[in-house]
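Pasting a structure below so you can have a look.
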């Protein structure tokens, strides 16, 4: 009976197209899934099958990882803060916390990422796209007056996780039990960097793998509320992967890490509950919602069926979502307010545990205080004015969303099975398969934008000739940068030489001895006031300088 009704509707629809043709030749998601004009119960397949859908916090968690979701508490509101000096970070972070932010994300300067101290690089490069940070002393300034035991901290910290080690040392000195620290080592997923960021890694792949394993071992033993691995999808999607590719490659990366940690002697139910994920949110609203719902379902199956996880917490995919910076435009930047708002809404309807909303001026430079306040107020409005947080999985049961979730899952499994046949994610990355897939998708997307097939308002359609005054750019305070350089120089001269030398020797020993934990050695080095550049420099002598694969 239902099919007869739909067939009759299709006849009427096709007749109407003779008077008013469809506005484009084909409709499809960013991943290339064809979109039908209407969805009905005929498209739902196994919707009534509780093994696939169920209720919130029921396996396989399609509808959410917690029973009450946002009715109990809303998602954590995080924003990337990284500019100028530790003093600037501290001031801006306190202001954002007062505005409703309840999670901290620390972004270091590019000099830190590259393993350099501020006193060894051209000072004109410092503080422009992150906070200058070299040592424990800088982290102490950055977090002065911020309660480490009451705020969730996300450290954008590449291996060997020197900033995370600094937080641990600070907590110990303040008498805060490590069991109370909560947060995430945001950039521990070295595979995502290797695949997507097109920049030299700190070390070779094998060195990074040793560091990751030791970091997870330490955190599993000492930091029960800390997420030592955040498997990053955002890098891949920002590099050009479709939402389905980003999902598949991310879960394949997660499979690699879980398999590696089990082989390293860890019990899956000891570390898996502390794994987390980091997704990008593009402008393809419904596909992103479907991606998040499919991600939870797929990860639950992976952990239970592939790895035999027994604890329910091991099968929960908890994720942070960041609105897409690459979907924002330099042209008519005020339009980005609308884009980021819809991205954030998509993340909420998809069940994110924490969200970062990009400021509208991020395509131009470091966001201003005004634009960041507007970004956090966007989340506050969604959480407390719209009503979307009042119902758990409000799109559950939608003919379209459920059908799309199924199709996203199916296509993502196809990729994972292909990667398995290649020998796993690390081998697929070393052979360049993942990079080529992302590059091809990036090129195809750009062709669609250039041809006008995919609209970017203000860029290839609805272009306005009136000049829109851009927001003011933050000026780097040269005096603060000079203070930072001098602070690092003074630290190296004033610290106790014997403790410093012993710490560096212990670091080298840990890097060479498979029975020693290298992250413990990094903590000892940080406590002895060894700087980021010195720690990375010593480890590079052993692990080499990592370079991405050129394809």
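Is it the case that some residue within the stretch 159-170 is in contact (Cβ under 8 Å) with a residue 24 or more places away in the chain and surrounded by fewer than 16 Cβ atoms within 10 Å (Cβ to Cβ)?
For the stretch 159-170, residues in contact (Cβ under 8 Å) with a residue 24 or more places away in the chain and surrounded by fewer than 16 Cβ atoms within 10 Å (Cβ to Cβ): absent.
Name the helices (runs of 4 or more DSSP H) wholly within the stretch 384-494 that hold at least 3 residues that are more than 28 Å from the chain's Cα centre (by Cα) and in contact (Cβ under 8 Å) with a residue 40 or more places away in the chain?
In the stretch 384-494, the matching helices (runs of 4 or more DSSP H) lie at 478-494.
Same structure, new question: For residues that are in contact with a strand residue (DSSP E or B) (Cβ under 6 Å, 6 or more places away or on another chain), part of a loop (DSSP other than H, G, I, E, B) and farther than 30 Å from residue 463 by Cβ, tally how many sit in the stretch 318-352.
Going through the stretch 318-352 one residue at a time, the tally reaches 2.
A further question on this structure: Out of (1) surrounded by fewer than 24 Cβ atoms within 10 Å (Cβ to Cβ); (2) modelled with pLDDT under 85, what's the single condition that is false for residue 130?
Here residue 130 meets the rest and fails (2).
Filter the stretch 53-62 down to the residues that are under 15 Å from residue 408 (Cβ atoms) and at pLDDT 95 or above, then identify the one that is farthest from the chain's Cα centre (by Cα).
Among residues in the stretch 53-62 that are under 15 Å from residue 408 (Cβ atoms) and at pLDDT 95 or above, the one farthest from the chain's Cα centre (by Cα) is 60.
Related question: If I go through the stretch 449-471 residue by residue, how many of them are closer than 16 Å to residue 336 by Cβ and modelled with pLDDT under 90?
5
Looking at the stretch 80-87, can you tell me whether even one residue there is part of a strand (DSSP E or B) and either modelled with pLDDT under 90 or over 25 Å from residue 153 (Cβ atoms) (or both)?
yes
Quick one: what pairs do we get from the stretch 501-530, first residue on the phi < 0 side of the Ramachandran plot and crowded, with 19+ Cβ neighbours inside 10 Å, second part of a loop (DSSP other than H, G, I, E, B) and modelled with pLDDT of 95 or more, C-beta under 6 Å, 6+ apart or different chains?
Partner pairs satisfying both residue conditions: 503/528; 503/530; 510/516; 522/160.
Here's another thing I want to ask about it. Given (1) assigned to a helix (DSSP H, G or I); (2) more than 24 Å from residue 109 (Cβ to Cβ), where does residue 540 come up short, assuming only one miss?
Failing condition for residue 540: (2).
Condition check: touching a strand residue (DSSP E or B) at 6+ places or on another chain (Cβ under 7 Å) and in contact (Cβ under 8 Å) with a residue 12 or more places away in the chain. Does residue 242 satisfy that?
Spelling it out, it is not the case that residue 242 is touching a strand residue (DSSP E or B) at 6+ places or on another chain (Cβ under 7 Å) and in contact (Cβ under 8 Å) with a residue 12 or more places away in the chain.
Further question: Filter the stretch 89-120 for residues that are touching a strand residue (DSSP E or B) at 6+ places or on another chain (Cβ under 7 Å) and assigned to a helix (DSSP H, G or I); which is modelled with the lowest pLDDT?
Checking each candidate, the answer is 96.
Next question, about the same structure. From the list 110, 156, pick out the single residue that is surrounded by fewer than 24 Cβ atoms within 10 Å (Cβ to Cβ), free of Cβ contacts under 8 Å to residues at least 24 places away in the same chain, under 22 Å from the mean Cα position of the chain (by Cα) and farther than 22 Å from residue 259 by Cα.
After applying the criteria, what remains is 110.
Could you tell me how many of the residues in the stretch 6-34 are in contact (Cβ under 8 Å) with a residue 24 or more places away in the chain and within 30 Å of the chain's Cα centre (by Cα)?
5
Same structure, new question: What single numbered condition from (1) over 16 Å from residue 434 (Cβ atoms); (2) crowded, with 20+ Cβ neighbours inside 10 Å; (3) at pLDDT 95 or above fails to hold for residue 187?
(3)
Oh, and also: Any chance the stretch 315-335 includes a residue that's under 22 Å from residue 455 (Cα atoms) and free of Cβ contacts under 8 Å to residues at least 40 places away in the same chain?
yes
The values are calculated or read from the model by the stated rules, or taken from the named source; none is laboratory data. Note that the structure is predicted; figures quoted are calculated from it, not measured. Note: ideal-geometry Cβ built from the backbone for every residue, glycine included; neighbour counts use all protein chains shown.
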